[in-house]
Amino acid sequence: MEKFTAIVDKDKCAPNKCQLECIKFDPLNRIKEGEGFHIGESKKSEIDEKVVTEMHKIPAKKCPFSAIKIIRLPSELKQDPVHQYGQNAFRLFTLPVPKKETVVGIIGRNGIGKSTALDVLSGNIKANLGDYKNEKDLDIVERYSNSILGEYFEKLIEKKIKISYKPQRVELLSEVYSGKKVKDLIKKSDDISLSKELISKLEMNSILDRNVEELSGGELQKLAIVACLTKNAEVYYLDEPMSFLDITTRINVARLIRSLKKSIIVVEHDLTSLDYISDEVQIVYGERGAYGIFSQSKSVRNGINEYLDGYIKSDNVKFRDYAIKFNEAPPNKTKTSIVLFEFPEMEKKFENFELKVEEGKINRGEVIGVVGANGLGKSTFLKLITGQEKADKGKVEKIKFSYKPQYIKSEKGIVLDYLKEKAGNSFNSGWYKQNILEKLGVGNILMSEMKTLSGGELQKVMVAGCLSEDVELVLMDEPSAFVDVEDRLNMAEIIKDFIIRKEISAIIVDHDIQFVDYLSDSLLVFEGKPGVKGRMEGINEKREGMNKVLKMLDITYRGDKNTGRRRINKPGSQLDQQQRKKGEFYYR
């Protein structure tokens, strides 16, 4: 018998702003009032999960805020949840397993329990085993008796195991440690010699005397990683360690994590980094905001490939209707010799930094990727194009553009009003609904307050806003930040397709090398000394540009024969040596 459950998004549910459609159209309430959806003690809509059936999709669809989802739970689920946040709320059914001297990579969509799992394993959340009304301690050790997890939780409860945890939202460190200097936090490290080594390898010496609240997102991330890895612990948990970091630092962090030979679990959306870091992979699948399930451990290649296929062989579970393929893009026929925009040779000097840029021409239908380490002037280059900064040498011609900055903030109001203002009359067109709202997955959050959106949701809304404006040149700074694997690749396809259809152009800055490779026709490669001097030596054909970037990173790249995704070769492997000998760091 099929089992259904109802999920009510409390942030979206607004009974005082609707006609209580979920209650009025609930078939159970026609039999007896209050049997189905009703307003509970939380002043939000709720329903007893035992009475939920497929017919409750009717009142769910009537909700003007898309706050209710009726979900069919997998028939193979026999056990109770490990943890459930409340009535009609998210529940996690299984957990990843930490292993001795092994890096376990976790891959999955946003909103299906990856961070919740780390919180349970680290002891930040006390698992309620689905009994969210019972405040008594429930025995999770018994739940996992005679298993690695049972032994693990027994040690955790008895405080016989030490945990080190790097949270996802490192930007909150600015608030928690406001007024504290970086060097004072580093001094609290359990392993001073290791902390000095990591500080050197991550080039952090220049920020040691600064206050934490003065740090950028990338600097906060590096501080959090050093603080986590220099604790004396048996198990280390890192939640999205690559966010905010540039390409160079991502590779350095991946090498550091691999070199530690400790029990580590890493959650990460950057496929290239996850592949390089991990010894094993566990897939987490489910329904966003509803439930999450972790697969058994798999080899790195098989785990990532099964995730991309949307089918887990060992569990016989198909969790996506389509496979994600990184096929070689066909030649961009709309990228002609018709020049849309030219930028001149430019120079810009600040007190402690200078940027030199060679001239370039951008053709109609062309997407140009921008890569390079942080602090080399990529964002400054975009600001020179937009006129936010004025070049000391060279004058940029005027062009109609849209711009999504690196650091995004929530606007006031709801998503609907924000996008209507950006799109104007085109918002009501069928084309806009299909190609922007539906493809980017923002159509179901139109009535949501901007301030309630997750990082990934807000990023997608900002990208949608950038594509909504009537312009000739689209500029985006790190559009993949906070966005999961599926949405990143979907976003890349949408941007590329949009540029081709509109016969305009785009310049995209990003640090996910797979995303840039998938999206771009050509590349701008920034080189130099971070924070001191940056230079960009003109537009490169993609193969030439990728080869230059990978050579700078000292890694070689190959394509996976099944999925087409790019993989980093193991240093010193036969393929690595062959490609280096030929000078082919980028190989398809």
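Remarks
- Test: residue in the stretch 269-278 that is surrounded by fewer than 20 Cβ atoms within 10 Å (Cβ to Cβ) and either assigned to a strand (DSSP E or B) or in contact with a helix residue (DSSP H, G or I) (Cβ under 8 Å, 6 or more places away or on another chain) (or both): no
- Every pair of residues 6+ apart whose Cβ atoms lie under 6 Å, when the first sits in the stretch 566-577 and is among the acidic types (Asp, Glu) while the second is assigned to a loop (DSSP other than H, G, I, E, B): ASP576/THR556; ASP576/ASN569
- Scanning the stretch 20-32 for residues that are in contact with a Pro (Cβ under 8 Å, 6 or more places away or on another chain) and either touching a residue at least 40 places away in the same chain (Cβ under 8 Å) or β-branched (Val, Ile, Thr) (or both) turns up GLU21, CYS22, ILE23.
- Scanning the stretch 399-438 for residues that are among the basic types (Lys, Arg) and modelled with pLDDT under 90, we see that the one that is nearest to CYS18 (Cα to Cα) is LYS412.
- Condition check for ILE39: β-branched (Val, Ile, Thr), closer than 24 Å to LEU453 by Cα, in contact with a helix residue (DSSP H, G or I) (Cβ under 8 Å, 6 or more places away or on another chain) and free of Cβ contacts under 8 Å to residues at least 60 places away in the same chain: yes
So that you can scan it fast, the table gives a plain yes or no per residue for (1) under 25 Å from LEU245 (Cα atoms); (2) modelled with pLDDT of 90 or more:
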residue: ALA117; (1), (2): yes, yes
residue: GLU151; (1), (2): no, yes
residue: ILE163; (1), (2): yes, yes
residue: SER174; (1), (2): yes, no
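Results for (1) touching a Pro at 6+ places or on another chain (Cβ under 8 Å); (2) buried (at least 20 other Cβ atoms within 10 Å of the Cβ); (3) charged (D, E, K, R); (4) closer than 20 Å to ARG488 by Cα, shown as yes or no for each residue.
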| residue | (1), (2), (3), (4) |
| --- | --- |
| ILE225 | yes, yes, no, no |
| ALA233 | no, no, no, no |
| TYR236 | no, yes, no, no |
| GLU240 | no, yes, yes, yes |
| PHE244 | no, yes, no, yes |
| ASN252 | no, no, no, no |
| LYS261 | no, no, yes, no |
| VAL266 | yes, yes, no, yes |
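- Matching residues, the stretch 21-39, being among the aliphatic types (A, V, I, L, M) and surrounded by 18 or more Cβ atoms within 10 Å (Cβ to Cβ): ILE23, LEU28
- A residue that is surrounded by fewer than 20 Cβ atoms within 10 Å (Cβ to Cβ), of a type in the set (A, V, I, L, M, F, W, C) and either outside the structural domain of ASN305 (by TED's automatic domain parsing) or more than 31 Å from the chain's Cα centre (by Cα) (or both) occurs nowhere in the stretch 84-95.
- Taking the stretch 516-537 as the range and being surrounded by fewer than 19 Cβ atoms within 10 Å (Cβ to Cβ) and either among the β-branched types (Val, Ile, Thr) or modelled with pLDDT of 90 or more (or both) as the test, the residues that pass are GLU527, VAL532, LYS533, ARG535, GLU537.
- Of the residues examined, ASP119 is not one that is out of contact with any Phe, Trp or Tyr (no Cβ under 7 Å at 6 or more places or on another chain), assigned to a loop (DSSP other than H, G, I, E, B) and of a type in the set (Asp, Glu).
- Of the strands (runs of 3 or more DSSP E) entirely within the stretch 474-541, those holding at least 3 residues that are farther than 30 Å from ALA323 by Cβ occupy 522-529, 533-541.
- ALA423 vs. criteria buried (at least 21 other Cβ atoms within 10 Å of the Cβ) and in a helix (DSSP H, G or I): no
- Applying the condition of being part of a strand (DSSP E or B) and touching a Ser or Thr at 6+ places or on another chain (Cβ under 7 Å) to the stretch 69-103 and asking which residue is nearest to ASP239 (Cα to Cα) yields VAL103.
- Checking the stated criteria, SER195 turns out not to satisfy the condition of being of a type in the set (Ser, Thr, Tyr), assigned to a loop (DSSP other than H, G, I, E, B), in the same structural domain as SER115 (by TED's automatic domain parsing) and surrounded by 14 or more Cβ atoms within 10 Å (Cβ to Cβ).
- Criterion: touching a Cys at 6+ places or on another chain (Cβ under 7 Å) and either surrounded by 11 or more Cβ atoms within 10 Å (Cβ to Cβ) or not assigned by TED's automatic domain parsing to the domain that holds PHE93 (or both) - qualifying residue of LYS181, LYS166, LYS155, LYS162: LYS166
- Only one entry in ILE495, ILE414 is in the same structural domain as ALA373 (by TED's automatic domain parsing), more than 23 Å from ARG288 (Cα to Cα) and among the β-branched types (Val, Ile, Thr), namely ILE495.
- Considered as a group, the residues in the stretch 1-31 that are in contact with a helix residue (DSSP H, G or I) (Cβ under 7 Å, 6 or more places away or on another chain) and part of a helix (DSSP H, G or I) include one that is farthest from SER42 (Cα to Cα), and that residue is PRO27.
- Residue among SER115, SER42 that is exposed (fewer than 15 other Cβ atoms within 10 Å of the Cβ) and out of contact with any His (no Cβ under 6 Å at 6 or more places or on another chain): SER42
- The residues in the stretch 156-191 that are over 29 Å from the mean Cα position of the chain (by Cα), assigned to a helix (DSSP H, G or I) and free of Cβ contacts under 8 Å to residues at least 12 places away in the same chain can be counted, and the count is 1.
- The listed residue being buried (at least 17 other Cβ atoms within 10 Å of the Cβ) and closer than 28 Å to THR380 by Cβ, out of LEU446, LEU458: LEU458
- When ALA423, ALA391, ALA373 are checked against the criterion of being without any contact (Cβ under 8 Å) to a residue 60 or more places away in the chain and either within 23 Å of the chain's Cα centre (by Cα) or over 17 Å from LEU467 (Cβ atoms) (or both), a single residue qualifies: ALA391.
- Among the residues of the stretch 357-406, those that are assigned to a loop (DSSP other than H, G, I, E, B) and among the small types (Gly, Ala, Ser) comprise GLY365, GLY372, ALA373, GLY375, GLY377, GLY387, ALA391, GLY394.
The values are calculated or read from the model by the stated rules, or taken from the named source; none is laboratory data. These numbers were taken from a predicted model, which means no experiment stands behind them. Because the Cβ atoms are built from the backbone with ideal geometry, glycine has one as well, and the counts that use them run over all protein chains shown.
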